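Participant: Provided herewith is a single structure, encoded as structure tokens, for subsequent inquiry.
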Amino acid sequence: APPSALPPPLGPPPLLATGSQIVAMMARTALFLWALVANLAALAASKAATPRFKWGQNKELIFVSVMVRDLNKDSVSVTLPDGDLRFRAKNAKGEEQALDLPLREDVEESLKFEVSQRPDKWGTAVVITLGKQNKHRWDLLVQDPKKFKGLMDKDWSREDQTLEPEEEVPYLEDHSDYLVELTSKNLNKTLKKYSAIVANVRFPWCSQCKSQDNTFATAARAAQKKGKKDGRWKKVAFAVLDAREERRLAKKLDAKCDYTCEYRVFTEPGEDAVPLKSKWSDVELLESVKKYLGPAVQVIKSEDELKPLKEKNTTCFGSFVSEASPKYQLFKKVAGLMRGELVFAAKFGADRTLELWPHKQNFSFKFEGTFEDNGTTLYDWIKPRAIPLLQEYDWQLRETYEKLGLPLGKLWIDDSDKNPSFEKVVRHAVRRVAKRYIGKIAFVEQKKTTYSYELRDYGLNQPEAYPAFGMASNASYNSIKYGFEVTPDVAPSVQDFWKDADKAIERLSEFCEQVLVGSWPEAHESGAPQTNWTEGAVKQIVYKTFKTDIESPERPLLLEVYGKYRAEHERKAKETENLAKALEPHSKLFTVASYDTSDNFLPQGEFKREKYSSDTEWYWVPAKDSGAAARDPIKKLTKPKKDAPIKNVIDFAVKSTGSSDINAEEVMKKFEELMKENPPPAPAPMPPMDMPDMGDMGDMGGMGGMGGMGGMGG
């Protein structure tokens with residue numbers, strides 16, 4: 001009962017009390033004591049008991065068993081609020097059982113639990129299984145084991161005792177002269193001391209980023225030395241945050257133990273930290289940190305101060321009512337995210353339309369989007385306009401274009417055959433196209449001497465013709481590729497195509513438009529189409545002709561699919577050549593064809609074949625009937641599935657035609673005759689093996705007198 005429900009306390013008894021008064025007073029005292037005891041009992045009953053528990057682990061999982069006597073199985077609840085373990089249950093008497101475990105490390109959001117059928121000395125066990133976010137051996141289950149002294153045991157039956165303790169390097173202690181410790185408690189205080197904090201958020205047991213840890217410490221020491229000459233470096237701190245001890249802050253910063261090894265940069269209290277990619281050298285890392293030496297936004301007093309900024313950089317300028325303006329705060333946030341990519345400048349006094357001037361261009365872009373969101377609209381608007389319309393590409397820009405997330409138009413220039421005036425015309429045309437597709441497509445220029453190998457994936461290498469143009473769906477290695485091939489119906493030659501700049505601009509724009517809407521076919525590696533095929537010869541099909549020759553053939557195909565790096569390739573190629581000749585009298589019924597998967601992409605719809613397989617497989621490809629939506633399915637020679645003898649191939653072809661006009665034995669006889677008349681080249685002779693001069697070994701170096709050793713057997 002609440003205290004207000006208790007009887008009023010008794011005052012001192014009167015000096016001259018009657019008997020009835022004394023009896024009444026005694027009754028009231030008894031009532032008060034009874035109510036007090038009942039209140040204390042209710043208070044004790046309302047406090048939940050903490051059950052005993054034990055834990056074990058393997059590399060991937062944590063097992064926690066919570067024991068409750070006389071458990072009410074239907075009352076069990078297990079959750080993970082904020083990544084910590086929360087257990088609630090009741091016993092048969094309805095008494096609450098509660099256990100809250102602030103876990104040592106992060107676990108996956110999903111969990112499993114079950115009531116064990118095996119009895120435990122401390123009651124019925126509820127076995128909880130948690131997935132580790134970082135797959136390694138935990139040193140402890142909870143942050144502070146002392147709080148659970150007498151309640152927590154080790155579950156050796158579920159403990160993988162082969163897990164070795166991991167070496168934890170005292171990283172901060174080893175570099176304490178130039179690294180500072182960062183915690184959730186001192187974060188704001190440290191930010192007030194420094195203009196920027198570059199934080200290495202690391203797990204003490206993680207070995208994935210060992211080399212980057214060393215680079216970070218070396219850069220910190222170098223920055224400290226720079227600070228003696230340049231005061232700006234004194235305002236930059238290199239800090240270490242222990243991701244295990246500061247689990248909540250590390251989780252907020254998305255800390256991971258993996259090969260990406262990103263750092264975090266803090267600039268102002270209350271602002272989100274910005275990720276910073278690790279570098280392989282301290283020089284590269286310091287170059288990346290340099291952009292944090294100054295403010296994200298350069299505040300100017302007049303627009304005259306803009307001119308020198310625009311001469312050297314792509315510049316984004318905004319005019320705002322005041323520094324406290326919500327629009328300016330959003331502008332400043334985006335500027336912080338894009339440090340080093342362009343210059344942000346601001347002036348206060350009045351709101352005006354935000355403008356962006358590309359470097360070395362005589363025009364500007366005006367922002368007409370919203371400032372009512374979290375900055376995403378402005379950020380997405382600036383990103384594609386902050387890069388040049390056409391930029392010479394190298395591998396260091398890959399991350400920039402990957403983050404951009406736009407399709408990437410590629411212009412390949414033959415830098416081994418310089419023609420400045422012609423190249424100027426080509427670049428002018430591509431920039432004109434790029435200007436039409438700002439925010440939709442990014443454009444780069446690539447040198448033949450460095451990037452000609454890429455033309456294979458764009459189907460532009462048979463033959464290579466420069467300048468070449470293609471597009472990737474994004475900047476990643478596994479992007480979808482599209483090739484723009486200058487065929488005779490487009491222009492007499494590649495050179496003629498580019499010389500007519502206006503025509504090139506329109507044709508390239510049409511290509512870009514069709515890629516964006518998904519109507520341009522994907523490009524893949526392809527051999528050069530065959531131009532001299534005649535009946536009685538093998539029809540060599542390539543990926544560029546796959547759609548017409550295999551998906552819609554006018555007559556059936558006896559198709560050989562192979563890789564030219566197969567064993568005895570020259571012999572097998574000669575067999576196919578002679579087979580086509582032997583079947584020439586029946587060429588109106590079907591065509592003998594081949595497809596080399598070493599040089600051509602093979603769609604996997606009907607052909608189930610590993611990419612780098614060099615085996616020989618034979619197929620029957622039916623003709624597509626006129627008016628039909630598609631041809632009938634292909635059939636495969638399966639006896640044997642690979643490297644079938646020619647006799648089996650002939651039998652397969654005769655059976656597939658369904659014609660009685662072909663005699664398999666006669667075809668085989670003709671084939672054998674052709675193999676004698678037109679045999680494969682003889683294998684190259686083995687090189688002679690030069691034996692070293694062993695000297696005169698006729699008498700084994702004077703050992704001839706050992707013949708009498710035969711009697712040693714007895």
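The values are calculated or read from the model by the stated rules, or taken from the named source; none is laboratory data. The structure presented is a predicted model; accordingly, all values stated were derived computationally and were not measured. Neighbour counts run over all protein chains shown; Cβ positions are idealised from the backbone, glycine included. Heads up: the accessible areas ignore ligands, DNA and RNA and are worked out on the full protein's heavy atoms, side chains in. Shrake-Rupley method; radii C 1.70, N 1.55, O 1.52, S 1.80 Å.
Participant: Taking Arg398 as the residue in question, decide whether it is at pLDDT below 95, over 30 Å from Gln329 (Cβ atoms), of a type in the set (D, E, K, R) and open to solvent by 50 Å² or more (accessible area, probe 1.4 Å).
Facilitator: The answer is yes for Arg398.
Participant: Looking at (1) modelled with pLDDT of 60 or more; (2) in contact with a Lys or Arg (Cβ under 7 Å, 6 or more places away or on another chain); (3) part of a loop (DSSP other than H, G, I, E, B), find the lone condition where Pro7 falls short.
Facilitator: Against the list (1) modelled with pLDDT of 60 or more; (2) in contact with a Lys or Arg (Cβ under 7 Å, 6 or more places away or on another chain); (3) part of a loop (DSSP other than H, G, I, E, B), Pro7 comes up short only on (1).
Participant: Cβ-Cβ under 6 Å, sequence separation 6+ or interchain: first residue in the range 367-391 and more than 19 Å from Tyr328 (Cβ to Cβ), partner small (Gly, Ala, Ser) and in a loop (DSSP other than H, G, I, E, B). Which pairs?
Facilitator: Pro384/Gly439
Participant: Could you please give the count of residues in the range 296-310 that are open to solvent by 70 Å² or more (accessible area, probe 1.4 Å) and either of a type in the set (A, V, I, L, M) or in contact with a Lys or Arg (Cβ under 6 Å, 6 or more places away or on another chain) (or both)?
Facilitator: 1
Participant: Also, I was wondering about something else. What do you reckon, is Pro388 under 22 Å from the mean Cα position of the chain (by Cα) and either within 23 Å of Tyr482 (Cβ to Cβ) or acidic (Asp, Glu) (or both)? It would help to see each step written out before you state the result.
Facilitator: On the way: under 22 Å from the mean Cα position of the chain (by Cα): no; either within 23 Å of Tyr482 (Cβ to Cβ) or acidic (Asp, Glu) (or both): yes.
Answer is no for this residue.
Participant: Taking the options Trp156, Trp138, name whichever one is of a type in the set (A, V, I, L, M, F, W, C), under 22 Å from Gly56 (Cβ atoms) and more than 34 Å from the chain's Cα centre (by Cα).
Facilitator: When all the criteria are applied, what remains is Trp156.
Participant: Residue by residue through the range 170-183, note down the ones that are touching a helix residue (DSSP H, G or I) at 6+ places or on another chain (Cβ under 8 Å), open to solvent by less than 70 Å² (accessible area, probe 1.4 Å) and assigned to a loop (DSSP other than H, G, I, E, B).
Facilitator: Passing the criteria: His175, Tyr178, Leu179, Leu182, Thr183.
Participant: Okay, next question. When the range 116-151 is examined, which residues are found to be on the phi > 0 side of the Ramachandran plot and not in a strand (DSSP E or B)?
Facilitator: Gly150
Participant: Still on this model: Given (1) outside any loop (DSSP other than H, G, I, E, B); (2) modelled with pLDDT under 95; (3) surrounded by fewer than 20 Cβ atoms within 10 Å (Cβ to Cβ); (4) within 35 Å of the chain's Cα centre (by Cα), where does Lys327 come up short, assuming only one miss?
Facilitator: Unmet condition: (2).
Participant: Filter the range 466-499 down to residues that are more than 28 Å from Tyr401 (Cα to Cα) and of a type in the set (Ser, Thr, Tyr) and give me whichever is surrounded by the fewest Cβ atoms within 10 Å (Cβ to Cβ).
Facilitator: Restricting to residues being more than 28 Å from Tyr401 (Cα to Cα) and of a type in the set (Ser, Thr, Tyr), the top hit is Thr487.
Participant: Looking only at the range 377-408, which residues are part of a loop (DSSP other than H, G, I, E, B) and either among the hydroxyl-bearing types (Ser, Thr, Tyr) or over 16 Å from Phe469 (Cβ atoms) (or both)? Break it down stepwise before answering.
Facilitator: Step one: of the range 377-408, the residues part of a loop (DSSP other than H, G, I, E, B) are 386-390, 393-394, 405-407.
Answer for the range 377-408, where residues must be part of a loop (DSSP other than H, G, I, E, B) and either among the hydroxyl-bearing types (Ser, Thr, Tyr) or over 16 Å from Phe469 (Cβ atoms) (or both): Ala386, Ile387, Pro388, Tyr393, Asp394, Gly405, Leu406.
Participant: From Glu575, Glu510, Glu506, which residue is within 23 Å of Thr638 (Cα to Cα), in a helix (DSSP H, G or I) and of a type in the set (Asp, Glu)?
Facilitator: On the way: Glu510 fails: within 23 Å of Thr638 (Cα to Cα); Glu506 fails: within 23 Å of Thr638 (Cα to Cα).
Unique residue meeting the criteria: Glu575.
Participant: Take Ala682 and tell me if it is touching a residue at least 24 places away in the same chain (Cβ under 8 Å) and more than 22 Å from Ser598 (Cα to Cα).
Facilitator: It is false that Ala682 is touching a residue at least 24 places away in the same chain (Cβ under 8 Å) and more than 22 Å from Ser598 (Cα to Cα).
Participant: Just need a number here: residues in the range 322-353 that are over 18 Å from Pro295 (Cβ atoms) and touching a Lys or Arg at 6+ places or on another chain (Cβ under 8 Å). Give the derivation first.
Facilitator: Of all residues in the range 322-353, those over 18 Å from Pro295 (Cβ atoms) come to 326, 349-353.
Now restrict to residues that are touching a Lys or Arg at 6+ places or on another chain (Cβ under 8 Å): 351, 353.
Adding up the residues that qualify gives 2.
Participant: Among the residues of the range 621-639, is any open to solvent by less than 10 Å² (accessible area, probe 1.4 Å) and touching a residue at least 12 places away in the same chain (Cβ under 8 Å)?
Facilitator: Scanning the range 621-639 turns up at least one residue that is open to solvent by less than 10 Å² (accessible area, probe 1.4 Å) and touching a residue at least 12 places away in the same chain (Cβ under 8 Å).
A quick yes/no check of all residues on (1) free of Cβ contacts under 8 Å to residues at least 24 places away in the same chain; (2) within 22 Å of Arg202 (Cβ to Cβ):
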{"residue": "Val78", "(1), (2)": "no, no"}
{"residue": "Ala92", "(1), (2)": "yes, no"}
{"residue": "Gln97", "(1), (2)": "no, no"}
{"residue": "Lys112", "(1), (2)": "yes, no"}
{"residue": "His136", "(1), (2)": "no, yes"}
{"residue": "Asp153", "(1), (2)": "no, no"}
{"residue": "Glu166", "(1), (2)": "no, yes"}
{"residue": "Glu173", "(1), (2)": "yes, yes"}
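Participant: Are any residues in the range 428-455 of a type in the set (Lys, Arg) and more than 23 Å from Gly405 (Cα to Cα), and if so, which ones? Steps first, please.
Facilitator: Our first condition is that a residue be of a type in the set (Lys, Arg); within the range 428-455, this holds for 431-432, 435-436, 440, 447-448.
Lys448, the sole residue that qualifies.
Participant: Hey, another quick one. Residues that are hydroxyl-bearing (Ser, Thr, Tyr) and closer than 28 Å to Ala335 by Cβ, at least 1 per element: which helices (runs of 4 or more DSSP H) completely within the range 184-275 meet that?
Facilitator: Filter on the range 184-275 gives 187-193, 210-226.
Participant: Is there a residue being open to solvent by 30 Å² or more (accessible area, probe 1.4 Å) and closer than 26 Å to Lys503 by Cα anywhere in the range 367-384?
Facilitator: No; the residues of the range 367-384 include none that is open to solvent by 30 Å² or more (accessible area, probe 1.4 Å) and closer than 26 Å to Lys503 by Cα.
Participant: Still on this structure, please answer the following. Residues to consider are Leu589, Leu557; find the one that is hydrophobic (A, V, I, L, M, F, W, C), buried (at least 21 other Cβ atoms within 10 Å of the Cβ) and out of contact with any Leu (no Cβ under 8 Å at 6 or more places or on another chain).
Facilitator: On the way: Leu589 fails: buried (at least 21 other Cβ atoms within 10 Å of the Cβ).
That would be Leu557, the only listed residue that is hydrophobic (A, V, I, L, M, F, W, C), buried (at least 21 other Cβ atoms within 10 Å of the Cβ) and out of contact with any Leu (no Cβ under 8 Å at 6 or more places or on another chain).
Participant: Which one is least open to solvent (accessible area, probe 1.4 Å), of the residues in the range 409-428 that are β-branched (Val, Ile, Thr) and part of a helix (DSSP H, G or I)? Write out each step before concluding.
Facilitator: Just the residues of the range 409-428 that are β-branched (Val, Ile, Thr), to begin with: 413, 425-426.
Imposing the further condition that a residue be part of a helix (DSSP H, G or I) reduces the set to 425-426.
On the way: Val425: 54, Val426: 0 Å².
In this case the residue turns out to be Val426.
Participant: Moving on to the next point. Does any residue of the range 584-595 turn out to be in a helix (DSSP H, G or I), touching a residue at least 12 places away in the same chain (Cβ under 8 Å) and either on the phi < 0 side of the Ramachandran plot or under 40 Å from the mean Cα position of the chain (by Cα) (or both)? Full working, then the answer.
Facilitator: Of the residues in the range 584-595, the ones in a helix (DSSP H, G or I) are 584-586.
Filter again for touching a residue at least 12 places away in the same chain (Cβ under 8 Å), leaving 584, 586.
Checking which are either on the phi < 0 side of the Ramachandran plot or under 40 Å from the mean Cα position of the chain (by Cα) (or both) leaves us with 584, 586.
Yes, because at least one residue in the range 584-595 is in a helix (DSSP H, G or I), touching a residue at least 12 places away in the same chain (Cβ under 8 Å) and either on the phi < 0 side of the Ramachandran plot or under 40 Å from the mean Cα position of the chain (by Cα) (or both).
Matching residues to (1) assigned to a loop (DSSP other than H, G, I, E, B); (2) of a type in the set (A, V, I, L, M, F, W, C); (3) within 30 Å of Thr576 (Cα to Cα):
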site	(1), (2), (3)
Thr449	no, no, no
Gly483	no, no, no
Pro488	yes, no, no
Trp533	yes, yes, yes
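Participant: Mind listing whichever residues of the range 506-550 are over 15 Å from Ile480 (Cβ atoms) and hydrophobic (A, V, I, L, M, F, W, C)?
Facilitator: Correct list: Leu508, Ala528, Trp533, Ala537, Val538, Ile541, Val542, Phe546, Ile550.
Participant: Next question, about the same structure. What residue, of Leu557, Leu602, is of a type outside the set (Phe, Trp, Tyr), touching a Lys or Arg at 6+ places or on another chain (Cβ under 8 Å) and under 20 Å from Ala664 (Cβ atoms)?
Facilitator: Step by step, each of Leu557, Leu602 is checked, and only Leu557 is of a type outside the set (Phe, Trp, Tyr), touching a Lys or Arg at 6+ places or on another chain (Cβ under 8 Å) and under 20 Å from Ala664 (Cβ atoms).
Participant: Can you pull out every residue in the range 276-295 that is open to solvent by less than 40 Å² (accessible area, probe 1.4 Å) and part of a loop (DSSP other than H, G, I, E, B)? Break it down into steps so the answer makes sense when it comes.
Facilitator: Looking only at the range 276-295, we keep the residues that are open to solvent by less than 40 Å² (accessible area, probe 1.4 Å), and these are 276, 278, 281, 285-286, 288-289, 292-294.
Of everything in the range 276-295, those that are open to solvent by less than 40 Å² (accessible area, probe 1.4 Å) and part of a loop (DSSP other than H, G, I, E, B) turn out to be Ser278, Ser281, Leu293, Gly294.
Participant: Then there is this: Given the structure, is Val592 modelled with pLDDT of 95 or more, aliphatic (A, V, I, L, M), touching a helix residue (DSSP H, G or I) at 6+ places or on another chain (Cβ under 9 Å) and closer than 28 Å to Ala682 by Cβ?
Facilitator: Yes; evaluated as a whole, the condition is true for this residue.
Participant: Which residue pairs have Cβ atoms closer than 6 Å, lie 6 or more positions apart in sequence or on different chains, and pair a first residue in the range 536-563 that is within 21 Å of Asp615 (Cβ to Cβ) and part of a loop (DSSP other than H, G, I, E, B) with a second residue that is open to solvent by 30 Å² or more (accessible area, probe 1.4 Å) and modelled with pLDDT of 95 or more?
Facilitator: Val538/Glu577
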